[in-house]
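Notes follow the structure.
The values are calculated or read from the model by the stated rules, or taken from the named source; none is laboratory data. Remember, predicted model here, so these are calculated numbers, not experimental data. Note that each Cβ is placed from the backbone with ideal geometry, even for glycine, and that neighbours are counted across all protein chains shown.
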Amino acid sequence: MFTDRAKKTDFKKAAINEWEKAVQSSLKNASLKDLYTDTYEGIQLSPLYTQHQIDYRRIDQYPGEGNFLRGFFPPGKKRGWRIAQKLKEEDWNKLKHQIKSSLQRGQDTVAFDPLRLEKLDDVSFKELNDFIALDQIPLLIFSDRRRFNIIAQNLLAENIKVSGAVAADIVSAELAEGFIVDVDPDCEQMEDWISQIKLLDLQFPHLRTVMVDIKPYKEAGAQVIQELGVSLALAVFYIEQMKKAGWTPVKTASKLIFRFSIGSDFFMELSKFRAFRVLWKTIADAYGLPEGKQAVPVSAETANLTKSVLDPYVNMLRAGNEAFAGILGGVDYLHVGSFDELSGHSTDFSKRIARNTQLLLKEESFLDRVIDPAGGSYFIEVLTSNLVNEGWSFFQEIDKKEGIIEVLREGWLQGKIKETAADQLKDMETRKRSAVGVNVYAMGNEQVRYPKTGSTTRPDAEGKVKLEPLQYVRLAEKFERFRQRSSQLSLKGKTPTIRLICLGELKAYKPYADFVSGVLASAGVQAVWSDSFKDLNHIKRYMLESPEKDFCLCGPQSLYAEFAADIGCWVKESLPNAHLDIAGSMTEEELASFQIDGTFYSGQNIVEKLNDILNRWEADLNG
């Protein structure tokens, strides 16, 4: 009876104004405007999306048709993505063993980092081909120009068949060091690179050899619209360069492979890959690439930008989220970074977890059997459309400035990306952006394995142009340095500690004490809570007997009005070397009237606050 009744039930269509009323009633004193979110891309996200916001004429019904929004290939021609965990070893023999072992454990691509090998000349693809069918299991090897030349020579010396990609992006490879290849046609480096591309094409016609690498831009802080615009500008540059060398755009496109990093904004990153296919279709049509020759492979890696050496197991969750976004977006190759990768000492366990992240999404979640699973979502479709429009506009802006090389030489692009990076870092510092285990819910007393810092060799400047560097950033770096400084203070006998003076009942002071403790933990500073105080004399005795002389008042505003001024005046007279803060937002005038040194409050730049605290302690310790 219940089933029959349910089948006959009609659901009333809700109007937008009814939804707004229901939401407003749940928001109490807040406004509907508070539910709108501005992204780093300048896109405002709405709390509600409807079919009326979608232009169905721009949405493909099936993959492999239209503007490739839903995928480059029709159903049945391509399934899923390839697991391409990038292996890192210094010794070739150890790397060979790792490759074989990884393939036995679910990896289906031969991917390794040539920058880590001490003797790149030792690489033998014939040795790999003895136990791997390289014409069936693809290569995925990305490198700089110099290492690309060595790998290319090693390949050309072998009489074997290979597939996949052995590629370099000679424009982007050394931006972090502030160099770009001289693109003058008479430049020896450019000539050598083009020569190697052509030789590889003769012997390995199906091998992709020209990388469009967006990873350096993402890792420097670029937002998604910038990534999309740069990807098109780089592709156009390579097509035009190879035209001068006698190749048609169709020929060059057959050699392209795009590499992206995947950030933490799940829906934005997912939509990025869908938008990229639409934008690439526009470029392909402009160059007259025929149908069936327009698809390009996309390789993706989870970003180091979002990772931290602090509470490293959380990196598993971050990488899993990023991998999920890339897969739903339709990437062709995927590398998931191990949770301890930043330490420089990834263990077999962490590598296994990273690989198994992909295997779980494939073997248990069956994501390789679903085509464009996010397609049709009003939110995703609108967001993708926004990225297509804005990404194209950014590409046009680069094109008007005479292309990717010129905007890099001028420093214009670096400036744009640095502005975005600064916005992200500021949001981390004010905790508008949260990183679990870093600036929120931090374990202040954890044992951290910091990466070794050593001297780096300067790149050879011959045949290159010096320009403004586009240096990698990580959002957690400042907090990692705070932890190191706190650790050094502890080793020198001054354990970083602040005593919290708790005023009133537990339920009154706990929110304030929790907030201050959380801020301090992000720098490895201990917060020691006092008992509940309701008497001024007890507070004075506690402060006099405390071995530490850094305090923070925590309690409701009513008790601040009763105690703060008296405590502040007494501390200045009786404990002149003590430092007294207060929890809560206060003006400079209020702090001066209470004779209190500083404050902790929501929205504060905690990096500046914590830096001042550690500077003071280090100065005291060093005399």
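Observations on the structure shown:
- Qualifying residue in segment 65-83 (condition: in contact with a His (Cβ under 7 Å, 6 or more places away or on another chain) and under 30 Å from D122 (Cα atoms)): no
- Enumeration of residues in segment 351-369 that are surrounded by 14 or more Cβ atoms within 10 Å (Cβ to Cβ) and out of contact with any helix residue (DSSP H, G or I) (no Cβ under 9 Å at 6 or more places or on another chain): R352, N356, L359
- Within segment 424-440, being among the polar types (S, T, N, Q) and over 16 Å from N321 (Cβ atoms) holds for Q424, T430, N439.
- Contact annotation: residue pairs with Cβ atoms under 6 Å, 6 or more positions apart or on different chains, pairing a residue in segment 42-60 that is not assigned by TED's automatic domain parsing to the domain that holds P373 with a partner that is part of a strand (DSSP E or B) and surrounded by 10 or more Cβ atoms within 10 Å (Cβ to Cβ), are L45/T37.
- Residue satisfying condition, being touching a strand residue (DSSP E or B) at 6+ places or on another chain (Cβ under 8 Å), over 23 Å from E322 (Cα atoms) and modelled with pLDDT of 95 or more, within set D182, D201: D201
- Taking the criterion of being surrounded by fewer than 21 Cβ atoms within 10 Å (Cβ to Cβ) and either among the small types (G, A, S) or within 16 Å of V210 (Cβ to Cβ) (or both), the residues of segment 115-140 that qualify are S124, A133.
- Being loosely packed, with under 14 Cβ neighbours inside 10 Å, part of a loop (DSSP other than H, G, I, E, B), over 44 Å from the mean Cα position of the chain (by Cα) and not small (G, A, S) is not true of P547.
- Candidates D372, D348, filtered to the one that is surrounded by fewer than 19 Cβ atoms within 10 Å (Cβ to Cβ), under 25 Å from H335 (Cα atoms), over 20 Å from the mean Cα position of the chain (by Cα) and free of Cβ contacts under 8 Å to residues at least 40 places away in the same chain: D348
- Hits in segment 498-532 (condition: outside any loop (DSSP other than H, G, I, E, B), farther than 10 Å from F551 by Cα and in contact (Cβ under 8 Å) with a residue 60 or more places away in the chain): L503, Y512, A513, F515, V516, G518, V519, L520, A521, Q526
- Residues located in segment 486-530, provided they are closer than 21 Å to A619 by Cα, charged (D, E, K, R) and modelled with pLDDT of 95 or more: R499
- Residue within segment 183-200 that is aromatic (F, W, Y), in the same structural domain as Q107 (by TED's automatic domain parsing) and in contact (Cβ under 8 Å) with a residue 60 or more places away in the chain present: no
- Residues of segment 118-152 that are closer than 24 Å to S195 by Cβ and either of a type in the set (S, T, Y) or over 34 Å from the mean Cα position of the chain (by Cα) (or both): S124, K126, S143.
- Tally of residues being under 30 Å from A220 (Cβ atoms), part of a loop (DSSP other than H, G, I, E, B) and in contact with a helix residue (DSSP H, G or I) (Cβ under 9 Å, 6 or more places away or on another chain) across segment 1-45: 5
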